[in-house]
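To start, the structure itself, in structure tokens.
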Amino acid sequence: MDRWQDRVAVVTGASSGIGAATAKALVEAGVVVVGLARRMDRMEALRAELPEEMQGRFHLMHCDVADLDSLTAAFDWVEEQLGGVDILVNNAGCLFAGQLLTQDLEKLEQTWKVNIMGVLNCTRRAFRSMQQRDVAGHVVLINSLTGETIINPPGDELQVLNMYPLTKHGIKAMLEVLRQEFRGFKTKIKITSITPGVTDTEILPRGYDSLPMLRPEDIAAGIIYALATPPHVQVHQLTIKPLGEPF
């Protein structure tokens, strides 16, 4: 991680779960981190847990990645105050348990806005910053095992993932499209998709907590691994599963 010392990482959804664990791991690795999330109090509590000498490297910005104006303001601040983005961790995501056939359309649309358009718009801004400064940056996409297969719910539970697997399959396609575009623009920007199995986070629907689970810190360790690879190595997709996962 020496090459990333004092460089700037933007982590979306940094108020809890994988985002919070990743923000903490990056700060501890010597990176300047900007956490984007709606719940400022959660990020403030996370910053307070860091050693005092590290707290100044963790900047907090209120941001709703589904709102383009909010997202634009956050990235504008990063560029004006910190010079630009070197690492982007697209972690923010949402899941409203229910069925495609009966769920409120507003919730289905919100899932699309956050999980697909939020990722795309953040990546476009990070790319612009990296390209303008000729930076060999790194973009990380947090996917899901549901981007590989539609997981059957445990027991007799009704399928409740609805729009979520659709968006995660979209992230898998976005990964390869962006890889090809980064290459086509003749950049040295890396892109990595992290695909976790069931992870103990707030987004987990009811009933899934009976399954073997990963911890957010396990996923953060995978991100650090991908970032720490030599310049000629690109981890395209890293799948992390808990031992004993039944699918």
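The values are calculated or read from the model by the stated rules, or taken from the named source; none is laboratory data. Everything quoted here is computed from the prediction, not taken from an experiment. Ideal geometry is used to build each Cβ from the backbone, glycine not excepted, and the neighbour counts take in all protein chains shown. Side chains are part of the model used for accessible areas, which takes the heavy atoms of the whole protein and leaves out ligands, DNA and RNA. Shrake-Rupley method; radii C 1.70, N 1.55, O 1.52, S 1.80 Å.
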Helix 68-82 axis, angle to the chain major axis (alpha carbon atoms, nearest 10°): 30 degrees
With the full set of protein chains in place, find how many percent of the accessible area of the range 178-247 is carbon and sulfur; take the probe as 1.4 Å. 55 percent
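Can you give the local net charge around L227? Use residues other than it whose beta-carbon is closer than 12 angstrom to its beta-carbon, Lys and Arg +1, Asp and Glu -1.
Details: positive: R3, R7, K190; negative: D2, D86.
Cβ neighbours under 12 Å give a net charge of +1.
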Can you work out the PRE-style zone for F185? Point 7 Å along Cα to Cβ, and I want the residues of the range 93-125 with backbone N under 18 Å. 117-125
Comparing L178, L158, L88, which has the greatest mean-square fluctuation in the GNM of the chain with Cα pairs linked when under 10 Å apart? L158
Taking a threshold of 20 Å on the Cα-Cα distance, which of the pairs K113/K168; K24/K186; K107/K168; K168/K241; K113/K172 fall above it? K24/K186
Whole-Hz Karplus ³J(HN,Hα) for the range 132-139, in order, using 6.51 cos²θ - 1.76 cosθ + 1.60 and θ = phi - 60°, x for Gly and Pro? 4, 9, 6, 9, 7, x, 9, 10
Distance in nm between pseudo-label sites at R215 and D69 (7 Å out along the Cβ direction from Cα): 4.2 nm
Computed FRET efficiency, Cβ-Cβ of L100 and Q5, R0 51 Å: what is it to the nearest 0.05? 0.65
Quick check for you: with a 1.4 Å probe and neighbouring chains kept, what is the accessible area per residue of the range 46-123, in Å²? 50 Å²
What is the set of long-range amide H partners of T239 at a cut-off below 5 Å, with H atoms built 1.01 Å from backbone N? T195
For the range 167-247, what relative contact order do you get, as a whole percent, if you take Cα pairs closer than 8 Å and at least 6 residues apart? 35 percent
Assuming 0.36 nm per residue, please report the length gained on full extension of the stretch M54 to L120 beyond their Cα-Cα distance. 20.7 nm
Below 8 Å, C-alpha to C-alpha, sequence gap of six or more: please give me the relative contact order for the chain in percent. 19 percent
Zone of L158's modelled label, taken as backbone nitrogen in the range 77-112 under 13 Å from a point 7 Å along Cα→Cβ: 97-104
Under Karplus coefficients 6.51, -1.76 and 1.60, residue-wise ³J(HN,Hα) of the range 23-31 in Hz, glycine/proline x: 4, 5, 5, 5, 4, 5, 8, x, 8
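Counting only trypsin sites (Lys or Arg not before Pro) that are in a DSSP loop and have at most 12 other C-beta atoms within 10 Å, tell me the longest site-free stretch of the chain.
Numbers: sites that count: K186, R206.
My reading of the result: 1-185 is the longest stretch.
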